[in-house]
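One structure is given here, and the rest of the page talks about it.
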Amino acid sequence: MCTVCGCGQIGAKTTVQNDKHAHSHDPHEHHHGHHHFGHGAAGVSVAGYSQGRLVQIEQNILSKNDGYADDNRKWFRDHGLLALNLVSSPGAGKTTLLAETLNALKATIPLGVIEGDQETENDADKIRETGVSAIQINTGRGCHLDAHMVGHALQDLPVERGGAVLIENVGNLVCPAAFDLGEACKVVILSVAEGEDKPIKYPDMFAAADLMILSKIDLLPYVDFDVDQAVEYAHRVNPHLEIMKLSAKTGEGLQEWQDWIVVRARAAAAVSKPAPANPKKHAHA
């Protein structure tokens, strides 16, 4: 069980699906020498464990995740790729924003997407309609992606040097904050249809993020949302947090977001080392 959030259950499986096939990972079996520790690790249950023991288990889980995240980070660096981890509550507009971003940038830089959801391949199908390759990870009972899942997905995701891998995490403002995926930046998306107090209700996520996008600003005339208060709360939690305001529907603010990605993708390519001869032989192979 994932003691960070309690999401994992005995027998849970993670499924990775690309354009051609799907394969499942049982958390109780070894795959490529590793456990899917975040979901059903060792089959433990919270019941009967002391608080100290739960803290130790949580530390072990996050420590293993950080090791896999470092492997992913090196892989991204060696391949000259920018990796972004997009996080939000369900319904904040991640997939719509992602699709608009891909349509605008696919002729400018190479792109690939990793989609995280508990079930269905709906979001990956929407992304593939843009012509960009997408890998769907279904986490089952799990409420977040972890670095090991992402490492497996990277083996099937073709993205050329100088591009960007955009990871759409499971909709959740709690657990994804704790799990480093090896990304360069976490981007938290807060829609104006939500409360402006989200940054102080879920501070870990906003503290971990590098950029906050206020989405669906076209709805501001119709909702009770205080933009200035949301920004103040966000900066109270994270004084260095960058903030953008945009609407995927009207296009307002999208150019700033697209430029932000391109600048960082080109910088990642400029400082990268030569890629290994066989891109599938990285730390998760």
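Across the range 60-96, what is the number of residues that are under 20 Å from THR130 (Cβ atoms), among the hydroxyl-bearing types (Ser, Thr, Tyr) and in a helix (DSSP H, G or I)?
Counting residues in the range 60-96 that are under 20 Å from THR130 (Cβ atoms), among the hydroxyl-bearing types (Ser, Thr, Tyr) and in a helix (DSSP H, G or I) gives 2.
Show the residue pairs meeting these rules: Cβ distance below 9 Å; 6+ apart or different chains; first residue within the range 238-263 and on the phi > 0 side of the Ramachandran plot and surrounded by fewer than 19 Cβ atoms within 10 Å (Cβ to Cβ); second residue of a type in the set (Asp, Glu) and not in a loop (DSSP other than H, G, I, E, B).
Pairs that qualify, where the first residue is on the phi > 0 side of the Ramachandran plot and surrounded by fewer than 19 Cβ atoms within 10 Å (Cβ to Cβ) and the partner is of a type in the set (Asp, Glu) and not in a loop (DSSP other than H, G, I, E, B), are GLY251/GLU100.
Quick check on ILE114: is it crowded, with 24+ Cβ neighbours inside 10 Å and either touching a residue at least 24 places away in the same chain (Cβ under 8 Å) or more than 24 Å from ALA207 (Cβ to Cβ) (or both)?
For ILE114, the condition - crowded, with 24+ Cβ neighbours inside 10 Å and either touching a residue at least 24 places away in the same chain (Cβ under 8 Å) or more than 24 Å from ALA207 (Cβ to Cβ) (or both) - is met.
Report yes if some residue within the range 221-231 is surrounded by 22 or more Cβ atoms within 10 Å (Cβ to Cβ) and either touching a strand residue (DSSP E or B) at 6+ places or on another chain (Cβ under 9 Å) or under 26 Å from GLU256 (Cα atoms) (or both); otherwise report no.
So far as the range 221-231 goes, yes, one or more of its residues are surrounded by 22 or more Cβ atoms within 10 Å (Cβ to Cβ) and either touching a strand residue (DSSP E or B) at 6+ places or on another chain (Cβ under 9 Å) or under 26 Å from GLU256 (Cα atoms) (or both).
Residues that are more than 22 Å from ASP228 (Cα to Cα) and at pLDDT below 95: find the strands (runs of 3 or more DSSP E) completely inside the range 118-211 holding 1 or more of those.
The qualifying strands (runs of 3 or more DSSP E) are 133-138.
The values are calculated or read from the model by the stated rules, or taken from the named source; none is laboratory data. Keep in mind the model is a prediction, meaning the values are calculated, not measured. Counting neighbours? That spans all protein chains shown, and the Cβs are built from the backbone with ideal geometry, glycine included.
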